[in-house]
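A.B. asks: My structure is below; once you've seen it, I'll send some questions.
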């Protein structure tokens, strides 16, 4: 392998795939900032693997014993890749393909065909060049975000000024709130939707001068809101417990409940739950990562 040759590398993490080409020579793979192929600190040692140009292709040498590196399924210490290979480091999979540049036009045309075939195989464009020096996005499995307040504070305002209209609207909202509260043991989302209905009923009862019913509606809404906020805390605690113990199937069930509690929101917590759901789904579909599920 000469210095004007290149190697195509595809890095697969669950459903995420990074693809790029590097010039042959001496390439380092690890989590340190100076590495040519950079992985996350929880995925690789500071310097995990060194790749060096070799007359027969690309020489691979493992620099540390943990995490174990596998080349085409077998533990790697030293080896030479002559055309292509698959490397596994924990849950990360790397596909290597040697791309050789030649001087003659005929050989250049043949190389172009080879590169195009590689591009189809790895999902690369012939002109694509992606650099993996940016640190990977943090895994949702290994981080969490603060819990949100499910409901606002303070009394709302009634949209109606006329007393009769306000009373009629208050009764309508109260009836809807009661119906959803009764269904809340079977549908968490109904419970969440009931709280603002109670608030609207209380506001319009108050606007109409019916302070007794206003107080009753406000208290019912507050009790339900407190219960749902406590449910959020309880399910989040269970989720974190399951994630710490890699019980991913149980964690996925907790995510379903939590997403019902925050359905319709687009805040940081809701976005984290969505990302976590995707990672759990990908992990559970991969038998190599399903341990503890």
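Coordinate-derived values only; no laboratory data. None of these values were measured; they are calculated from a predicted model. With ideal geometry, Cβ positions are generated from the backbone for all residues, glycine too; neighbour counts draw on all protein chains shown.
A.B. asks: Order of 34, 235 from fewest to most other C-beta atoms within 10 Å?
C.D. replies: Result, fewest neighbours first: 34, 235.
A.B. asks: Can you pull the one-decimal nm distance between simple spin-label points at residue 52 and residue 165, each 7 Å off the Cα toward Cβ?
C.D. replies: Output for this residue pair reads 8.5 nm.
A.B. asks: Now, a different point. Under the classification rounded if a/c is under 1.5, otherwise prolate if a/b is larger than b/c and oblate if not, where does the range 30-69 fall, given a ≥ b ≥ c as square roots of the Cα gyration tensor eigenvalues?
C.D. replies: Oblate shape, in that a/c is at least 1.5 and b/c is the bigger or equal ratio.
A.B. asks: Still on this model: Fewest Cβ neighbours within 10 Å first, please rank 151, 242, 205, 186 accordingly.
C.D. replies: The most exposed by this proxy come first: 186, 151, 242, 205.
A.B. asks: For the range 28-69 and the range 153-168, what is the separation of their Cα centres, given in Å?
C.D. replies: Each part reduced to its Cα centre gives a spacing of 67 Å.
A.B. asks: May I pose another question? Multiply the residue gap between residue 260 and residue 234 by 0.36 nm, knock off their C-alpha separation, and tell me the result in nm, one decimal place.
C.D. replies: Stretched fully, the residue 260-residue 234 segment lengthens by 8.0 nm.
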